Amino acid sequence: MPSTIQRIRATEVIVHAREGYVDRPAFGPSLFDKQSKWMLELFTDDGLVGYGETPRGVGFGEVQWGAQHVLGRPLATLSWARPVGSNLDDNDMFGHHDPPVPHRLYERDFGVGGGGLGYAVAVGDLLAKSAGIRLCELFGGAWRQWVPTDWWMGRSDPEHAARHMEIGLGLGFKSLKMKAALEDDVVGIVKAIKKVAGDETRVLIDPNLRFYRVSEALCVAREMEPLGNVVFEDPFPFKLHDWHLFRQKTTIPLAAHGVDPHVALANDCCDYINLSYPADKFIADANMAARFNVPCWAGSGLELGVLDAYILHFSAVARTCVLPGDAQGNFIREDDLIEEPFTVRDGAIRLPSGPGLGVTLDQAAVEKYAIRREALSA
């Protein structure tokens, strides 16, 4: 008998950041950790359990929609990449039953929503467990067992930045990704970080476009150049001429994230690129970046343990995913909601060794942070 998904337990949780890690009086409370996530448990009729985690801000409607696509389905009929289908027959915009002309939906990439991503993680976990292999082996096999990862910091000031970097160093991280805006004391913050961690410490600054214009970003870049080993990610809105100009006028490497990676790579306007889940998209984009000789890393939304484990697995599969990634959210939050702690050493996280994701939900922790629980069955 094929293994079939019989029931689902979905738990909505809110897990705040650790006190003092993110919230800063001058900048107001953080937002990312005030939104909920759904932890998914998919149970098969032969005793397997697959774990999934959605990005933040996903509604229960998406969880229900995804459940309809996997409940009662044998694992052998589900794709690890897109277990939640895109059946648009009843959608007036894209499809109809027996259309007068053939569908051309193959020309469109409809992607997968946040709920669908949670199920992709859980189904991948189940498929790998059923085969007795790690999830990375389902994706093609790992190039590395230790995945480079940055420590992370929101907008800050020099004093707090130094204390926060000390925490990261104590955990085993050796580089930092930080948020910033033009109005912040960015130079003072980077100097404080390097005073604590060393002049060679890599600092990636992600203003989320809040360096505003190429002229203003260049002013900051010129002050940063003497400090060494600093990278800018999406410092100002994407305009091809402006991004080319920035790279001509400064030695600070430029990383792209908010722009379509195909556009950024084809137009030779970035040095590095930040690529996102789901795994099939990340792996395809990373392979494309390799053709342009552009190293990449895997971004995240400051996740919990299950989704960070998923990110580590597909990061390990991409040969040119050599830059420190963003699977550190579980260390920023009060609890990662998994039983197996991640091991950090010399700025990298060890790939989980067990079958599937290699992590198990901590039921006591899930119960502690739960705000809603739902049971779904075929």
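Each value in this text was obtained by applying a stated rule to the coordinates, not by laboratory testing. Here the structure is a predicted model, which means the values were calculated and not measured. Here the Cβ is made from the backbone with ideal geometry for all residues, glycine too, and neighbour counts use every protein chain on show.
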Low-density loop positions, trypsin sites (Lys or Arg not before Pro), the range 224-285 - DSSP coil, at most 15 other Cβ in 10 Å: Lys239
If one computes the Cα centroid of the range 1-41 and of the range 211-268, what distance in Å separates the two points? 32
Net charge dipole size for the range 182-255 [Lys, Arg +1 and Asp, Glu -1 on Cβ; Debye, nearest 20]: 180
Evaluate the charge dipole of the range 146-350 about its Cα centre and quote only its size in Debye, nearest 20, assuming +1 on the Cβ of each Lys and Arg and -1 on the Cβ of each Asp and Glu. 560
With log10 I(q)/I(0) by the Debye sum over Cα atoms at q = 0.07, 0.11, 0.12 Å⁻¹ defined as stated, name the option among (i) -0.66, -0.88, -0.97; (ii) -0.41, -0.92, -1.05; (iii) -0.33, -0.80, -0.94 computed from the structure displayed. (iii)
Explain nothing, just the number: relative contact order of the chain, from Cα pairs under 8 Å at least 6 residues apart, as a whole percent. 21
Dividing the convex hull volume of the Cα atoms of the range 146-350 by its residue count, what figure in Å³ per residue is obtained? 105
If the cut-off is 16 Å between C-alpha atoms, which lysines fall inside it for Lys174, apart from same-chain ones fewer than 8 positions away? Lys191, Lys194, Lys195
Tell me, Kirkwood radius of the range 213-302 from alpha-carbon pair distances, in Å? 13.5
Of all GluC sites (Glu not before Pro) in the range 167-263, the ones in DSSP coil with at most 10 other Cβ atoms within 10 Å are Glu183, Glu200
Okay, helix-only estimate at 222 nm for the chain: each DSSP H run of n ≥ 4 adds -39500 (n - 2.57), divide by all residues, round to 500 deg cm²/dmol; what do you get? -9500 deg cm²/dmol
Please find the FRET efficiency linking Asp109 to Trp65, where r is the Cβ-Cβ separation and R0 is fixed at 22 Å, and quote it to the nearest 0.05. 0.75
